[in-house]
Amino acid sequence: MKKLSKVLLFVLVLLLAMQGVWAQGAKEAAAEDKTIRIFGAFRGEEAARFDEIIRIFNEKSDYNAVYEGSPEFETQILVQAEAGTPPDIAALPQPGLMHNFAKQGYIKPLAPSVIGMIDANYAPVWKDLGSYNGKVYGVFHRVNAKSFVWYPKKAFEAKGYKIPKTWTELKALEDQIVRDGGIPWSIGFESGGATGWVGTDWMEDVMLRTAGPDVYDKWVNHEIAFDDPAVQKALGYLGEIFLNPKYVYGGATNILTTNFGDAVKPLFDTPTKVFLHRQGNFITGFMPQKIQDNLEEEVGVFALPSIDPKWGTPILGGGDQFVVFNDKPGVKEFMEFLTTWEACAPWAQVGGALFPHKTQNFADYGNSLERELAKALVQATVFRFDASDLMPPEVGAGSFWTGMVEYVNGKDGKTVLSNIEKSWPR
């Protein structure tokens, strides 16, 4: 009997221990269910700023959102999706990635409540950019934009120059600057192995302004040839600037040999001779330090003017759209949160990012320059992603780049475009 009692006691202790393990396991499982894994390409300072956004969500909810960033994000997210171990949410920098994941059924269409908040808080273009085959998959958060012209504010105003609203007014300003003994543009294509990408950005901006978004999309998707008359027309507009030595500081030689980050600096030489530089919102970080220290006093900016008024003033750029791989509890709430200005304001306040939300408070931006950029972004009825980023790499990161260099170097425009067309993979 004693042996039996000992056995029963041992079994009872074992059962109680196992019950404790099960209970602990259940608690851990419940905690794990509250965790929302988010994966993206933000790192360093950008990751720190996004973590602040996550902190706000976690404090106001019962969930624990956790962000992980990787320099190999685009490769890793594909591997994880194919292995069946994706994050709950991912921030995709390329529309093509979203289309690919949606086509293969890896990501989930957004909940109706999230779509409703997109309708309320964004211009329709952002819903369109986040959709595939009639279903909405993406919520846009931080974006960047390229369609801006920067100028030395004090010298510009001292000359009495006015900000042009149309391409005709821009041409009049160029001619006025030349008559006054100045040079309108400083342009730099040099970027090591990526030399020429600045020219493709110019081309994309002008395509949007002359051909409009539908033809632009056909061009990106090779539904029209690269040497289509619409593309030739856009290149002709560029030639009026690039190939006119009176319009460009240092002429064609300077365009091809000046690094893209250095090209903005001549605007701030003393005395001022150069007045305009087209580049994205990141370019302030390449301005001389004394200018960066007094941006609002020293620098002005306006959107590259419209050409065809029916397209308004389009904006070219990029952005991160958040998509859902697992529609577990908390994911819908986080996606709803991203559509609100509360999820953007902290980043806007410290600078370095723009947001497309209609509901935003422009006063939250840290300086007047970013406020103006954000207003241009929100007011744009046409927004498109950088075309070269969406084209096959043989073109977008190859023949298109080199073609723009060849054009500035004197090669006939029709020949340049025909050669790019021949390079498109069949």
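Overview of values
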{"item": "Positions within segment 277-296 being in a helix (DSSP H, G or I) and in contact with a helix residue (DSSP H, G or I) (Cβ under 7 Å, 6 or more places away or on another chain), in sequence order", "result": "Asn281, Thr284, Ile291, Gln292, Leu295, Glu296"}
{"item": "Sole exception among (1) part of a helix (DSSP H, G or I); (2) closer than 25 Å to Asp262 by Cα for Gly319, by number", "result": "(1)"}
{"item": "Any hit, segment 87-102, residues being at negative phi, in a helix (DSSP H, G or I), assigned by TED's automatic domain parsing to the domain that holds Phe140 and in contact with a Pro (Cβ under 7 Å, 6 or more places away or on another chain)", "result": "no"}
{"item": "Every residue from segment 227-266 that is over 21 Å from Trp167 (Cβ atoms) and in contact with a strand residue (DSSP E or B) (Cβ under 8 Å, 6 or more places away or on another chain)", "result": "Asn254, Leu256, Thr257, Thr258, Asn259, Phe260, Ala263, Val264, Pro266"}
{"item": "Options Val382, Val416, Val408: the member that is under 26 Å from the mean Cα position of the chain (by Cα) and of a type in the set (Val, Ile, Thr)", "result": "Val382"}
{"item": "In segment 178-220, the residues that are farther than 22 Å from Leu256 by Cβ and touching a Leu at 6+ places or on another chain (Cβ under 8 Å)", "result": "Leu208, Arg209, Tyr216, Val220"}
{"item": "Which listed residue is buried (at least 18 other Cβ atoms within 10 Å of the Cβ) and closer than 21 Å to Thr257 by Cβ, from Val395, Val416", "result": "Val416"}
{"item": "Qualifying residue in segment 257-270 (condition: surrounded by 21 or more Cβ atoms within 10 Å (Cβ to Cβ), at pLDDT 95 or above and of a type in the set (Lys, Arg))", "result": "no"}
{"item": "Residue in segment 296-311 that is among the aliphatic types (A, V, I, L, M), farther than 30 Å from Ala230 by Cβ and either touching a Pro at 6+ places or on another chain (Cβ under 9 Å) or not assigned by TED's automatic domain parsing to the domain that holds Pro93 (or both) present", "result": "yes"}
{"item": "Index of the failed condition, Phe73 passing every other in (1) at pLDDT 95 or above; (2) in contact with a Pro (Cβ under 9 Å, 6 or more places away or on another chain); (3) aromatic (Phe, Trp, Tyr)", "result": "(1)"}
{"item": "Single residue of segment 300-322 satisfying the filter (out of contact with any strand residue (DSSP E or B) (no Cβ under 6 Å at 6 or more places or on another chain) and of a type in the set (D, E, K, R)) that is surrounded by the fewest Cβ atoms within 10 Å (Cβ to Cβ)", "result": "Lys310"}
{"item": "Matching option when the condition is assigned to a helix (DSSP H, G or I) and either within 22 Å of Asp175 (Cα to Cα) or touching a Leu at 6+ places or on another chain (Cβ under 7 Å) (or both), among Ala263, Ala252", "result": "Ala252"}
{"item": "Boolean, Pro213 is of a type outside the set (A, V, I, L, M, F, W, C), assigned to a helix (DSSP H, G or I) and assigned by TED's automatic domain parsing to the domain that holds Glu298", "result": "yes"}
{"item": "Flag for Glu204 being buried (at least 22 other Cβ atoms within 10 Å of the Cβ) and either modelled with pLDDT of 95 or more or not hydroxyl-bearing (Ser, Thr, Tyr) (or both)", "result": "yes"}
{"item": "All positions within segment 74-107 that are closer than 26 Å to Val220 by Cα, among the charged types (D, E, K, R) and in contact with a helix residue (DSSP H, G or I) (Cβ under 9 Å, 6 or more places away or on another chain)", "result": "Glu74"}
{"item": "Residues of segment 325-353 classified as farther than 19 Å from Ile56 by Cβ and either in contact with a Gly (Cβ under 9 Å, 6 or more places away or on another chain) or of a type in the set (S, T, N, Q) (or both), total", "result": "1"}
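Okay, residues lined up against (1) of a type in the set (D, E, K, R); (2) in contact (Cβ under 8 Å) with a residue 40 or more places away in the chain; (3) assigned to a loop (DSSP other than H, G, I, E, B); (4) farther than 30 Å from Leu338 by Cα:
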site	(1), (2), (3), (4)
Asn144	no, yes, no, no
Phe156	no, yes, no, yes
Gly160	no, no, yes, yes
Pro164	no, yes, yes, yes
Thr168	no, no, no, yes
Ala172	no, no, no, yes
Ile177	no, yes, no, yes
Arg209	yes, yes, no, yes
His222	no, yes, yes, yes
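The values are calculated or read from the model by the stated rules, or taken from the named source; none is laboratory data. Small disclaimer: the values here were computed from a predicted structure and weren't measured. Ideal geometry is used to build each Cβ from the backbone, glycine not excepted, and the neighbour counts take in all protein chains shown.
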